[in-house]
Amino acid sequence: MAVVFGGLLTVAQAADTGLDDPDPARQRPGFLDLGSLPLPAPPLASGLPTTGRRTVAFFVRPDRLDEVCRALSGGHRLRRTSVVIVVSGPGACEGVPTVADRGTQLARSYGLRRPRDGGPPMGYAVVDAHGLIRYRTLDPAVADELDEVKTIVGATP
């Protein structure tokens, strides 16, 4: 039994990356309003977040921008939801408003935690139609988890 649990622990630790949250309980918790939420969402770009409409802000590192852009341009459109990409360096995503956040001030203002490697966060925040942050998380695999993002958005007023 100890060998089985030891093997499972090894597999789980190997799956972690430097982009993960130091506190696993705060990464992708799966429910809205964790901790101090909801909080007013700071502005990201002209008209974003959009009042009267849910908004998803994807916080991305430049080296992962292309995979997020491809995922968003594929069949995973977020209907009736404004989308903005906040990139911690140079880069843009065609057809999606993109905001530079080189000093990670926007990520901090949205309450995204610093990942294990100490670099810029990679994840997303969901803002409700009233302009309140209802969900935020680190998610280094967000490009592969857009169905999960849709679920969170669907649960957001």
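The values are calculated or read from the model by the stated rules, or taken from the named source; none is laboratory data. Given the structure is predicted, the values throughout are model-derived calculations rather than measurements. Virtual Cβ from ideal backbone geometry, glycine too; neighbours counted across all protein chains shown.
Is the stretch 140-151 home to any residue that is modelled with pLDDT of 90 or more, crowded, with 20+ Cβ neighbours inside 10 Å and under 17 Å from Ser36 (Cβ atoms)? No, because not a single residue in the stretch 140-151 is modelled with pLDDT of 90 or more, crowded, with 20+ Cβ neighbours inside 10 Å and under 17 Å from Ser36 (Cβ atoms). Look at the stretch 26-38: where a residue is on the phi < 0 side of the Ramachandran plot and a partner is aromatic (Phe, Trp, Tyr) and modelled with pLDDT of 70 or more, sitting 6+ places away or on another chain with Cβ atoms under 7 Å, you get Leu32/Tyr135. Under the condition of being crowded, with 22+ Cβ neighbours inside 10 Å, out of contact with any helix residue (DSSP H, G or I) (no Cβ under 6 Å at 6 or more places or on another chain) and either among the small types (Gly, Ala, Ser) or farther than 22 Å from Asp128 by Cβ (or both), the residues counted in the stretch 83-109 number 2.
Rundown of residues vs (1) modelled with pLDDT under 75; (2) in contact with a strand residue (DSSP E or B) (Cβ under 6 Å, 6 or more places away or on another chain), yes/no style:
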site: Pro22; (1), (2): yes, no
site: Arg26; (1), (2): yes, no
site: Pro42; (1), (2): no, no
site: Arg64; (1), (2): no, no
site: Ala92; (1), (2): no, yes
site: Thr98; (1), (2): no, yes
